[in-house]
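The values are calculated or read from the model by the stated rules, or taken from the named source; none is laboratory data. This one's a predicted model, so the numbers in the text were calculated from it and none came from an experiment. Heads up, the Cβs are rebuilt from the backbone with ideal geometry, glycines too, and the neighbour counts pull from every protein chain shown. Please note that ligands, DNA and RNA were not included when accessible areas were found on the heavy atoms of the full protein model with its side chains. Shrake-Rupley method; radii C 1.70, N 1.55, O 1.52, S 1.80 Å.
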Amino acid sequence: MVDLQLLEHLETFLTDHRLERFNKVLSQRTKHFTVATEDVYQLHNTSAVMRSCDVFGLQELNIVEETNSKSIDREIAMGAQKWVDLNRYHSVKECITDLKAKGYQIVATTPHTDDCDLYDFDVTKKSCFFFGRETDGLSEEVLRQADSFLKIPMVGFTESLNISVSAAIVLQHATSKLKKTDIDWQLTETELLEKRLDWCKKTIKSYDEITARFYNANK
């Protein structure tokens, strides 16, 4: 439960411009869509996917690290690691189980199926887009448990795109189409308050001291 009085106090330490920016960005944030990457071994790819999540308004990114475990490249993520919530999993089964429990359908992005072109994708369903390893693609586990298969229409000799490029194309199209629907895709009031507090914590350098002084003064 967010302490509203503390939050209001903390926000007085933000500039008007920063506060306005926070509220504007949060108004466009969603958990209706999320992304999962499966054992991506090139660090810059995961970092770039995180950047795309931020750019297109996705609040969460899920990373499966069964064999590859690395830190987000801050230079490539361009600060997105501050604003996008990162969920890490040690197995794809664990990731899928958690996502399904949260109400997400599992969408496997692959060029090797005729199930659904990107332009025909039903954006009304709460969905997690899975992107696989750079060379091997998605694992058999993801393909087996997928509720839907999605591909980007391509007309050249090359069969696939770089994972970060694929993610950007899918997210741009899906979020643009989503915002034209009547779906309640925005964050809940509770989620908004939690993010406002979290972003204050990540922005205000003396957050701990200010918080301690606030509670001491209000004992």
Q) Peptides 204-210, 48-54: what's the order by average Cβ count within 10 Å, highest mean first? A) 48-54, 204-210
**Q.** Dipole moment magnitude, nearest 20 debye, the chain about Cα centre, only Lys, Arg, Asp, Glu C-beta charged
**A.** 720
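Sorted by packing (mean other beta-carbon atoms within 10 Å per residue), highest first, where do 139-146, 7-14 land?
Details: 139-146: 16.5, 7-14: 14.9.
Going from most to least packed, we get 139-146, 7-14.
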Q: Sticking with the crude label model, points 7 Å out along Cα→Cβ, report the distance from Asp120 to Val55 in nm, one decimal please.
A: 2.8
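Just by accessible area at a 1.4 angstrom probe, what is the order of Leu58, Leu161 from largest to smallest? Numbers along the way, then the final one.
Values: Leu58 0, Leu161 70 Å².
Of Leu58, Leu161, the descending order of accessible area is Leu161, Leu58.
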Q: With Cα extents along the principal axes in Å in mind, check (i) 56, 45, 32; (ii) 48, 37, 23; (iii) 65, 40, 31 and report the label derived from this structure.
A: (iii)
**Q.** For region 12-50 versus region 90-168, the gap between their alpha-carbon centres in whole angstrom
**A.** 20
Q | Across Lys102/Lys202; Lys177/Lys201; Lys102/Lys179; Lys82/Lys151; Lys93/Lys180, pairs whose alpha-carbon gap is larger than 24 Å | A | Lys102/Lys202; Lys177/Lys201; Lys82/Lys151; Lys93/Lys180
Q: Kindly provide the helix-only [θ] at 222 nm of the chain, computed as the sum of -39,500 (n - 2.57) over DSSP H runs of four or more divided by all residues, to the nearest 500 deg cm²/dmol?
A: -13000 deg cm²/dmol
Q: Any chance you could give the angle, 0 to 90 degrees and rounded to 10, that helix 163-178 forms with the longest Cα principal axis of the chain?
A: 70
Q: Considering the options Asn162, Met50, Ala212, tell which one lies farthest towards the positive end of the dipole of the chain, charges being +1 on Lys and Arg and -1 on Asp and Glu at the Cβ, about the Cα centre.
A: Ala212
Q. Arranged from highest to lowest average of other beta-carbon atoms within 10 Å per residue, in what order do the peptides 149-160, 171-182 appear?
A. 171-182, 149-160
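Any idea what the relative contact order of region 103-165 is, in percent, if you count C-alpha pairs under 8 Å spaced at least 6 apart? Spell out each step's value before the answer.
Working: 88 pairs, mean separation 31.1, N = 63.
Value for region 103-165: 49 percent.
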Q.
On a full-extension model of 0.36 nm per residue, what is the gain between Ala217 and Ala101, subtracting their alpha-carbon distance, rounded to one decimal in nm?
A. 37.6 nm
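For the chain, which whole percent of the accessible surface, found with a 1.4 angstrom probe, sits on carbon and sulfur atoms?
Numbers: 5910 of 12030 Å².
Looking at the chain in its full context, I get 49 percent from C and S.
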Q.
Straight-line reach only, C-alpha to C-alpha below 20 angstrom: list the lysines that Lys100 could link to, leaving out same-chain residues fewer than 8 apart.
A. Lys31, Lys125, Lys126
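Translational diffusion coefficient of region 135-219 at 25 °C, 0.890 mPa s, Stokes-Einstein with Kirkwood Rh over Cα pairs, in µm²/s as a whole number. Display every interim value, and only then the final one.
Numbers: Rh = 18.0 Å.
The calculation lands on 137 µm²/s.
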Q) With every protein chain left in place, what is the accessible area per residue of the chain in square angstrom, probe 1.4 Å? A) 55
